[in-house]
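Chemist: Quick one: this structure, given as structure tokens, is what I'll be asking you about.
Read the figures in this text as sums done on the coordinates, not as results from a lab. In this text the structure is predicted, and so the values were computed from the model without any measurement. Quick reminder, even Gly has a Cβ in these numbers, built from the backbone with ideal geometry, and neighbours come from all protein chains shown.
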Amino acid sequence: MATALALTCAAAHASPARAQENQVVVDAPSVRIDKLALRIHGVRYENINSNRPSVVIYVAVQNATSVSTVLMAANLFDESVLLHGSGNYGAKGYTFAAGTAPGQEGTFTAGKVLKPGQNTTLVFRYQLEGPVPTAPLTWIVRERPSIVKLLKEISQEHRLSVPGYVPPMPTPPTVPLAPTGIQTLRMPASFIQPGGFRLRTDQITYGRGSTDNGRGSGLTVINMTLQNTTNAPLDVNPNLLNSFVVEQDGRRSQSPGVSLDKGNGASVTLAPREWLSGHFTYYLENQAAQRAARRVEFKYGSGQTLTIDLPPFTAGAVSGQQVAAKAAPEIPATAAVTTGDFQKTAYMDVKLDRAGRSKLGGAEVTLTLRNMIGRRLGMQNDWQTYSLLASDGVEYRADGNHYGTSGSDTLASTVWLENENEAKRTWVFLKVPPTVTPVRLIVREYGKEKASIELPR
């Protein structure tokens, strides 16, 4: 029986479904226990080659009330168990996740309170006995008795399915850049894992097309690769896969449909781990609309929307290689801008302070950070990722170090900001070549864009 493809793209994860990495749970049900709504968000298996593997379960939790607060006590879920074979396994408490990557399980925070509607992610770790399970497990989640009825405490419980271990996936080869049209650029080479499949955009081509049938002249093509990451055959219906290119002002151009390399327009069944290629065609209004293109959206059926940032279109170039070969104008190391409003992120609010070449090499961007969370925050404790999109269509990651007002100002200890206070922090991107121009700074939480800041050119 083939498994229907369900595009539920709430978050992005790098090369998921591999050993030691988080596996997203597709269409996990949300259950209600007293004041809390819970949903399994992901699972990761560790020590998979031993007879004592561990399973790490990520649970999205929300205070589902409109007026009551919930104290997240250390023993709140002590009676929850994981069923594996003939064994019942308990977890030693839980932690509040700092992220979903290995090493981001976080710690337990005593006295943490969830306000009405507030969300958090909990982590439960169970150590099993025997080989790593590939079949689904059963998690019996219980809240300690908190409901009193006729002077008798009543415990609530739900049985939830936990996916078994998914072996490492073979990676489809990177598609060679095939320059056509006016400009062809490489798309980010990483996969996005919405659930039972993963999707990679390979290249985008900006061209010029006919205006027949009322279509715009901004002919744009995006090539992509789709791979089945389940242990069962996967049905892909191209008629359910929709896509839009979104411009800076929010204007959206829908593709007439996807063209897959197999199936001749009909549904295609992919074997486990099999992949196929395809492309979307878009007819933007004109070249100005192409220059304003900022992201592409994908949606399958009634699933949620997956968003990927687009490399910028610069008129006059023929291919990504030729764009990179042309010397970009030098950005002064002191290109101060201090313009624009603050943008909210998952941590602090951010506003561009300056951008330019770094004395350490590459480029650097300095932001003004503002703490509006309501409590003291450590400036270096931000779990989000900061990427620099350049004129060659490549995203460059920050070097991972902490800097203050510039790349020359290394922060040796945590800088704490009280509520409503501001400070400057710099990100250095060492791998940005001197021949390209920084275009945009992108802030993401678990792959989902939280802020996008245009840089001076």
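Chemist: What is the P(r) of segment 340-443, as percent of Cα-Cα pairs per 5 Å bin from 0?
Modeler: Percent of Cα pairs in each bin: 2, 13, 24, 25, 18, 10, 4, 2, 0.
Chemist: Follow-up question, since we're still on this one. Working out 0.36 nm times the residue gap between Ala98 and Gln380, then minus their Cα-Cα distance, what length gain in nm do you get to one decimal?
Modeler: Details: separation 282, 0.36 × 282 = 101.52 nm, distance 1.30 nm.
Computed gain between Ala98 and Gln380 is 100.2 nm.
Chemist: Just report the Cα centroid separation between segment 245-289 and segment 406-424, whole Å.
Modeler: For segment 245-289 versus segment 406-424, the Cα centre distance is 43 Å.
Chemist: At Ser452 and Glu285, where each label point lies 7 Å from the Cα along Cα→Cβ, what is the point-to-point distance in nanometres?
Modeler: Inter-label distance under the simple model: 1.7 nm.
Chemist: Between Gln156 and Lys262, what is the label-to-label distance in nm when each label sits 7 Å out along the Cα-to-Cβ direction?
Modeler: With each label point 7 Å from Cα toward Cβ, the separation is 4.5 nm.
Chemist: Can you list residues from other chains, or at least 5 along the same chain, whose modelled amide H is less than 5 Å from the amide H of His41?
Modeler: Amide H neighbours of His41, under 5 Å, 5+ apart: Tyr58, Val59, Ala60.
Chemist: Also, I was wondering about something else. Can you list the HN-Hα couplings for segment 204-220, worked out from phi with the Karplus curve (6.51, -1.76, 1.60; θ = phi - 60°), rounded to whole Hz and with x for Gly and Pro?
Modeler: 10, 10, 9, x, 9, x, 6, 9, 4, 6, x, 7, x, 8, x, 5, 9
Chemist: Okay, moving on. Please tell me the relative contact order of segment 399-457 in percent, rounded to the nearest whole number, where contacts are Cα pairs under 8 Å and at least six residues apart.
Modeler: 27 percent
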